[in-house]
Structure formats: C-alpha cells, structure tokens
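Encoded as structure tokens, the structure appears first; notes follow it.
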Amino acid sequence: MASSLEKKKFPRVVISGRPNVGKSTLFNRLTGRKDAIVDAQAGVTRDSRIFEASIGDFNYELVDTAGIELGVEGMASRLNVLAEEAVASSDVILFMIDGKDGVTSADEELAARIRAFNKPIIPVVNKSDVKRSEDVLYEVYSLGFEYAVLISSAHGQGIDELYMHLQPLLEAAAAEIEEEVEDERYVLPLCIIGRPNAGKSTLVNQLLKSNRMLTGPEAGLTRESIGSLWEVDGHLIELVDTPGVRKKGKVNADLEQMSVTGAMSAMAKSEAVLLMIDATQAFEKQDAILASHAVEKGKPLVIGLNKWDLVEDKNKAVEEIKHRLEHSFSQVKGVPFVLMSALNGKGVENILPTVLNLHEKWQTRLSTSQLNRFLEGMTEENPPPMRKNRRMKIKYMSQIDNEPPTFALFCNMPEELPSSYVRYLQNGLRKAFDLYGIALHIKPMGSRNPYAKK
C-alpha cells in the first residue's frame, strides 16, 4: 500500500535524476511491479510514488520521483519542489545518470544539489548495455564519487551489484529508525475520481496538510493513481488520487489511456469512491458516466461538489445536482454529496463522516429472520404478479454477501419475476434498513425442494 512521505515504516530509498534517465523503469524493476508509467516521452512521472520493496527478507520503501530540471519555471519548477521533498525524506539516494548521454552539465548541477541533503548517495549509470556507458564511469568519478554502479533497468543487468551497495546502507538506516508498534487499525481505501481539473489533487493536499500532489491551473497534471495515508480522528484512510478522466472520444494518446486505465483499476480496488465535480460547471454526461462506473462496481459513492464558495445561486445548484443524480442512474437512491472548497478547506471536514457512514451501510449484514419479516410485509402490501396463469410465490429471502449487500430471493419462477418488482423490494430494503446511498443487489433464485427425487 502506498504511504505518505511524512510516515516512514522502513528505510527509504529515493530514485533521483534528470528527466527520462530511466527512474520509473528502475522503480518497476526493483518493486517487481509495473505501477509506474514508463514512456519514451520525458517528464511522464509527476507525483512521487512510494512502494515497499525488499532485498531478500529486508524491507525498504522505494520512491520514484519526477525528473529534476534546475533553473526552470512553471510546472517544472513545482515538480522540482515535490521531487526535492522526497529526496529530503530519504535515507539513501539512487542518483541516476543516462549511460548513453554521459554526464551532462545538468547532472553536474544536480549532483551538487542532492549532496547538500547530506544523504548516502549511490551513483547509478543506466543503459549499461550501451558501449559508451563504461566511459561514463570516469565522468562520474570527476563529480567526486568514489564508485558508480552500471545497470540496465530495462534488462535487469547490474541489479545484483546495486543490491550489494544498497543493503549495508539500508541496514545502517534501519538501526536508526525507532521500532514502532505495528498499527493494526483498518485502512479504508478511498478513490478520488473526476474530470480533469476538478480539484482532486488539491483536496488530497488539503486533507494531508502538505503539498503531496502536484497542483496548478493546467488540466491533466496527475498521470498516475497515487495513494497517501490520511490519519484523522483515529481512522486510517488511503486517499487514492487519480488522473482526470475525459470523454472516451477525447482520450487519444497511449499515455493518457494508461492513466485512465489506472484510474479505473484504482476504483475497482477501493472501498469507497469520492467523485469530485466542479460546482461552477454543469453536471455533465461524463460525471454521470463516472458515477455509474462506481455504482456498477458496487462501490459506495459520495459526490464532492468542489469550488462551492464560487457558486452564486447555491439553492439552484443543489436542486440541479439532486435532479441529475436521481435521473442519471436508478440503481442507487440518496447518493450523498458534500459541499466544499478544496482550496480553502471549507466543508472538507464533512467528507470523513459521510464516507464512514456509507461504508458502514455497504458492510451491512441482515439476518434471515429480519429479511423474512420485511418480505412478509412487502408481499402482503403488494403481492407478486401472476405469470403464465400462476401466482408467483416468494418463499424466503436471505443475504448471501455484503460489500455491497446482496440478497437471494427464493421463488417458484425466478426467471419470470419482473424487474419492477425487484426494484420495489430494493426500495423497501432501503427504507426499512436505512440503506440509502449504496447499491443493493437482489438475485431471484429457484426454490427447488432439495429432498425431491432427481
């Protein structure tokens, strides 16, 4: 699970270097995963990604960072701040150099910059399968380093030697980390989704009280789904910030497609979804599509109406969102929404209680006796319809799963039970057991006598 830069469970290794020297490829190689997006285009990585890795039985935290470009302004400058915050939190720095390009003036400046953090540094010359890489060793020595490790992060060459240099530094760092009692509290994964520039990353930074995520006026800044641990009021929430999802017809680049796929995957792994909507803009079809994706996956859904402080006619905006939610999807009634400003923090205190309340409903377990008393009242008030000149008989009801609550409805003609009657029972369940705001599944099943002759 991803963690925040402030908390450190194991010694931390940060991969640092210029853009496009192979940092994300090395991150994927050392973690044995493909979580970091890799592309030939420079500047793909933007937010710092943290994951637990290991050398044998020895665990450590590995951080992939954005490429540092000194002397730049705008978004690149903001990226530098995030990358240097990660470097400052490290116990060991892997300083990556492109073996094909050799040591550049930018590498020289960056080497001096990261030395100022006074951390152990392992110079890593990537792309060692290129002949020129061995000549680069002497250039690295000219920077004042006593050694460098030749690797190919793409092909796995030199990783054993890198481990040989890395492990003693990690063991020394581990000795300085105070042994902490294992935190056994439950961690609730909360996926934050929305269209580009809806304020998702700004909200994460506001809740964490730090500049964990890259933010700015440019749309589409977040490219990967990044998790950060939020500890509040005794609860542990994993805030998963995801890339903005545009209309399918506008997603035309492979890189953006990978980002969207990552966002959908993060949603599938979550236990609650916060859909961020810019309240100053109309509730668009894309918002409804994202909400429907969450509902179809059976996830508790909360709508976050961001930039609420900028809305002039607030009553009209509330009525409009209620109307759109009621008519966008009928599977869920009473989806809650939170009025907020992620930038100044107004209203964000309502996110946690709303999410926790919905998550508790999502985990609801009802006894068969409760359900059958409910079913008796519902069928008396509105009996099942006739089918094929026969009265449909509903025998009993039981819960077969939760997350979301799922019920088996045993009857004599399950395939003939109208969907309208199933919706009638769903709405009754919501009213009887206060299950508004979450998806409910009812599965009609046959009620064959198990003792009947086969």
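Residues in segment 162-179 that are at pLDDT 90 or above and loosely packed, with under 13 Cβ neighbours inside 10 Å: MET164, PRO168.
Does PHE27 fit the bill of being modelled with pLDDT of 85 or more and under 21 Å from the mean Cα position of the chain (by Cα)? So PHE27 fits the description; yes.
For segment 186-204, filtered to residues that are polar (S, T, N, Q) and within 19 Å of VAL232 (Cβ to Cβ), the residue that is farthest from the chain's Cα centre (by Cα) is THR202. Note on segment 275-293: residues that are assigned to a helix (DSSP H, G or I) and aliphatic (A, V, I, L, M) amount to 4.
Within segment 432-446, identify whether any single residue is closer than 24 Å to ILE303 by Cβ and β-branched (Val, Ile, Thr), and answer yes or no. Scanning segment 432-446, I find at least one residue that is closer than 24 Å to ILE303 by Cβ and β-branched (Val, Ile, Thr), so the answer is yes.
The values are calculated or read from the model by the stated rules, or taken from the named source; none is laboratory data. Computed from a predicted structure; not experimentally measured. Cβ coordinates were reconstructed from backbone atoms using ideal geometry, including for glycine residues, and neighbour counts include every protein chain displayed.
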